[in-house]
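Taking it in order: structure first as structure tokens, then the write-up.
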Amino acid sequence: MSESLPVRCPACRRSHRYTVPAYPCVCGAPVAAPLDPDRVPAAVGHRSWREEWVTVRCGSCGTHGEWPHPELGCPCGTLLRIPVTGERAEAPAGEGPGRPAVPIRTARDAVTAVVLYLRRLGHDDIRRADQRPTSGIGLAGRGVLAQLDPSARRATPRDVECLWLTAMTESAACLYFSLSGYTAEARVRADALDVPLFVLDASGAARPENAPAVALDADAS
């Protein structure tokens, strides 16, 4: 069961009960960040990529992963960052292996789902890409570049080409993830450039959409 903690908003003094969400480790066991009851939640002003993630250890397989930092939105409009301890969270033993997925409700959920998938491919150093893509969100790791489009539009051939060109200049492999799919022309262009295309479904699972993606997904199984 996920840990629960009483939280008071420092802005309006309203009291809340916060339950930390659990996320699936690559081994399939749920992992939740350990909350620190002795520290006061801080209001989030300026957001930074580094502060939005916390390192947590899975107690089932020992894997250290980066997970979204616990946050709570107060009705007064203040966003609170919930303190976590320096200890590693433990996942309960006995959970069977499975494919990690994060239900997608926001663009941030989609980013988390992509990061989890890239970890399954062996990329444990995923961060925001230094070069922002023409559309969507760029993620990068050692030797890999991924683009996520969380919008309601389908990706175009230009989107695929821009990702491929950026990856070529960085001598990296590339993957494209979309919530809404791809135009027929984008699929043809991706096949010609050998760019794997994936669609994230509502559960956060990455579904391969062309032959390069199918081949890559086999390595992630």
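For region 172-188, check the following and say yes or no: at least one residue is assigned to a strand (DSSP E or B), at negative phi and touching a Lys or Arg at 6+ places or on another chain (Cβ under 9 Å). Checked against the condition, which is being assigned to a strand (DSSP E or B), at negative phi and touching a Lys or Arg at 6+ places or on another chain (Cβ under 9 Å), region 172-188 yields at least one hit.
Conditions (1) among the hydrophobic types (A, V, I, L, M, F, W, C); (2) modelled with pLDDT under 95, marked per residue:
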position	(1), (2)
Phe177	yes, no
Ala202	yes, yes
Ala213	yes, yes
Asp217	no, yes
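Just give me the residues in region 158-181 being within 21 Å of the chain's Cα centre (by Cα) and aromatic (Phe, Trp, Tyr), in sequence order. Matches in region 158-181: Tyr176, Phe177. The conditions of being part of a helix (DSSP H, G or I), closer than 30 Å to Val31 by Cβ and out of contact with any Gly (no Cβ under 9 Å at 6 or more places or on another chain) are met by Asp217.
Just name the residue that is farthest from Arg132 (Cα to Cα) out of those in region 156-168 that are open to solvent by less than 10 Å² (accessible area, probe 1.4 Å) and not charged (D, E, K, R).
For region 156-168, the residue satisfying everything is Val160.
Yes or no, residue by residue, for (1) surrounded by 19 or more Cβ atoms within 10 Å (Cβ to Cβ); (2) out of contact with any helix residue (DSSP H, G or I) (no Cβ under 9 Å at 6 or more places or on another chain):
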{"position": "Glu170", "(1), (2)": "no, yes"}
{"position": "Tyr176", "(1), (2)": "yes, no"}
{"position": "Leu193", "(1), (2)": "no, no"}
{"position": "Asp201", "(1), (2)": "no, yes"}
{"position": "Asn210", "(1), (2)": "yes, no"}
{"position": "Ala213", "(1), (2)": "yes, no"}
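Of a type in the set (A, V, I, L, M), in contact (Cβ under 8 Å) with a residue 40 or more places away in the chain and assigned to a loop (DSSP other than H, G, I, E, B): does that describe Ala202? Answer is yes for this residue. Does Arg207 meet the test of being touching an Asp or Glu at 6+ places or on another chain (Cβ under 7 Å) and either of a type in the set (Lys, Arg) or part of a helix (DSSP H, G or I) (or both)? Judged against the criteria, Arg207 is a match.
Just name the residue that is least open to solvent (accessible area, probe 1.4 Å) out of those in region 22-37 that are in a strand (DSSP E or B) and within 19 Å of Val114 (Cβ to Cβ). Once the filter is applied, the top-ranked residue is Val31.
Only one of the numbered conditions (1) more than 12 Å from Leu145 (Cβ to Cβ); (2) not in a loop (DSSP other than H, G, I, E, B) is not met by Ala167, and that is (1). In region 66-76, of all residues being assigned to a loop (DSSP other than H, G, I, E, B) and in contact (Cβ under 8 Å) with a residue 60 or more places away in the chain, the one that is farthest from Asp109 (Cα to Cα) corresponds to Cys76. Restricting attention to region 182-191, the residues being among the small types (Gly, Ala, Ser) and open to solvent by less than 10 Å² (accessible area, probe 1.4 Å) number 2.
Conditions (1) modelled with pLDDT of 85 or more; (2) in contact with an Asp or Glu (Cβ under 7 Å, 6 or more places away or on another chain); (3) open to solvent by less than 30 Å² (accessible area, probe 1.4 Å), marked per residue:
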{"position": "Val20", "(1), (2), (3)": "yes, yes, yes"}
{"position": "Val56", "(1), (2), (3)": "no, no, yes"}
{"position": "Cys61", "(1), (2), (3)": "no, no, no"}
{"position": "Val111", "(1), (2), (3)": "yes, no, yes"}
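The values are calculated or read from the model by the stated rules, or taken from the named source; none is laboratory data. Keep in mind that what you see is a predicted model, and the values were worked out from it rather than measured. When we count neighbours, we look across all protein chains shown, and the Cβ atoms used for this are built from the backbone with ideal geometry, even at glycine. Accessible surface areas use protein heavy atoms only, side chains included; no ligands, DNA or RNA. Shrake-Rupley method; radii C 1.70, N 1.55, O 1.52, S 1.80 Å.
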